[in-house]
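Trainee: Just passing along the structure, written as structure tokens.
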Amino acid sequence: MDRKFAGETHRPGRIEVVCGSMFSGKTEELIRRMKRAKFARQRVEIFKPSLDTRYSDIDVVSHDQHSIPSTPIDSSSSILLLSSDIEVVGIDEAQFLDDGLVDVCNELANRGVRVIVAGLDMDYKGVPFGPMPALCAIADDVTKVHAICVKCGALAYVSHRLVQNDKRVLLGETNEYEPLCRECYKKALAEMQANEP
């Protein structure tokens with residue numbers, strides 16, 4: 001084969017991570033990349049945790065209502081079972097999946113599959129979330145996207161929880177969370193502590 005065409009016909013496996021706070025466009029970017037792969041006539045499959053039913057039980061839907069059909073799963077191991085003969089695998093809300101996702105993504109990439117993962121890199125307390133830190137470490141490419149702080153307009157740092165609930169996983173939207181920059185987040189925490197009985 002002519003060497004100058006080798007890059008166009010041979011697509012080596014890779015892991016791409018899109019991470020950031022809520023309302024930063026992670027899912028929108030995942031959908032964009034998956035639709036481009038479909039347009040290029042690649043065989044694609046997108047997965048999401050079955051517990052994420054905010055907009056749809058089945059589809060992956062962004063906050064601005066763009067959507068793409070997906071397969072809900074309860075465990076990362078299901079991805080390997082359901083992705084044979086797939087060239088591009090998309091995974092949304094990866095922070096809700098188990099730590100086995102890291103090995104699953106590595107195995108797929110080593111098979112020559114392009115893996116695109118989107119998820120929150122930190123929880124509402126600013127703590128690295130689920131398998132996302134390890135996925136960022138092994139990824140070939142990491143794209144950190146930012147929401148805009150609703151208080152001052154700077155780039156958001158974290159998804160601040162507006163409701164009293166200590167559960168780490170609490171599905172929500174603008175009534176439950178707001179994107180804040182580091183400074184506004186510190187102020188919000190101080191206000192919450194001052195208002196505690």
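Trainee: In the range 78-92, which residue that is out of contact with any Gly (no Cβ under 9 Å at 6 or more places or on another chain) and part of a loop (DSSP other than H, G, I, E, B) is least open to solvent (accessible area, probe 1.4 Å)? Explain how you work it out, then say what you get.
Mentor: Narrowing the range 78-92 to residues out of contact with any Gly (no Cβ under 9 Å at 6 or more places or on another chain): 78-86, 88-90.
Now restrict to residues that are part of a loop (DSSP other than H, G, I, E, B): 83-86.
Numbers: 83: 4, 84: 77, 85: 118, 86: 29 Å².
Looking at the filtered set, the residue picked out is 83.
Trainee: Name, by its number, the condition in (1) of a type outside the set (D, E, K, R); (2) modelled with pLDDT under 95; (3) within 20 Å of residue 34 (Cβ to Cβ) that does not hold for residue 108.
Mentor: (2)
Trainee: So, one more: Can we say residue 169 is open to solvent by less than 70 Å² (accessible area, probe 1.4 Å), at pLDDT below 90 and not basic (Lys, Arg)?
Mentor: On the way: open to solvent by less than 70 Å² (accessible area, probe 1.4 Å): yes; at pLDDT below 90: yes; not basic (Lys, Arg): yes.
Spelling it out, residue 169 is indeed open to solvent by less than 70 Å² (accessible area, probe 1.4 Å), at pLDDT below 90 and not basic (Lys, Arg).
Trainee: What are the residues in the range 1-52 that are at pLDDT 90 or above, in contact with a helix residue (DSSP H, G or I) (Cβ under 7 Å, 6 or more places away or on another chain) and in a loop (DSSP other than H, G, I, E, B), if any?
Mentor: Result: 13, single match.
Trainee: Shifting gears a bit: Among (1) assigned to a helix (DSSP H, G or I); (2) modelled with pLDDT of 95 or more; (3) open to solvent by 40 Å² or more (accessible area, probe 1.4 Å), there is one condition residue 99 misses while meeting the rest; what is its number?
Mentor: Residue 99 satisfies all of (1) assigned to a helix (DSSP H, G or I); (2) modelled with pLDDT of 95 or more; (3) open to solvent by 40 Å² or more (accessible area, probe 1.4 Å) except (1).
Trainee: Of all residues in the range 133-165, which are among the β-branched types (Val, Ile, Thr), open to solvent by 50 Å² or more (accessible area, probe 1.4 Å) and either at pLDDT 95 or above or within 16 Å of the chain's Cα centre (by Cα) (or both)? Give the steps one after another, and end with the answer.
Mentor: Just the residues of the range 133-165 that are among the β-branched types (Val, Ile, Thr), to begin with: 138, 142-143, 145, 148, 150, 158, 163.
Checking the rest, the ones that are also open to solvent by 50 Å² or more (accessible area, probe 1.4 Å) come to 138, 142, 148, 150, 163.
Listed by number, the residues that qualify are 138, 142, 148, 150.
Trainee: Filter the range 102-132 for residues that are charged (D, E, K, R), open to solvent by 20 Å² or more (accessible area, probe 1.4 Å) and over 11 Å from the mean Cα position of the chain (by Cα); which is farthest from residue 79 (Cα to Cα)? Even if it seems obvious, please write down each step before you answer.
Mentor: So the first thing to find is which residues in the range 102-132 are charged (D, E, K, R), and the list is 103, 107, 111, 114, 121, 123, 125.
Pick out the ones that are also open to solvent by 20 Å² or more (accessible area, probe 1.4 Å) and you get 103, 107, 111, 114, 121, 125.
Okay, now just the ones that are also over 11 Å from the mean Cα position of the chain (by Cα), so 103, 107, 111, 114, 125.
Numbers: 103: 11, 107: 11, 111: 13, 114: 13, 125: 29 Å.
Among residues in the range 102-132 that are charged (D, E, K, R), open to solvent by 20 Å² or more (accessible area, probe 1.4 Å) and over 11 Å from the mean Cα position of the chain (by Cα), the one farthest from residue 79 (Cα to Cα) is 125.
The values are calculated or read from the model by the stated rules, or taken from the named source; none is laboratory data. All figures in this text were calculated on a predicted structure; none of them were measured in a lab. Don't worry about glycine lacking a Cβ; one is built from the backbone with ideal geometry, like all the others, and counts go over all protein chains shown. Ligands, DNA and RNA are excluded from the accessible area calculation, which covers all protein heavy atoms including side chains. Shrake-Rupley method; radii C 1.70, N 1.55, O 1.52, S 1.80 Å.
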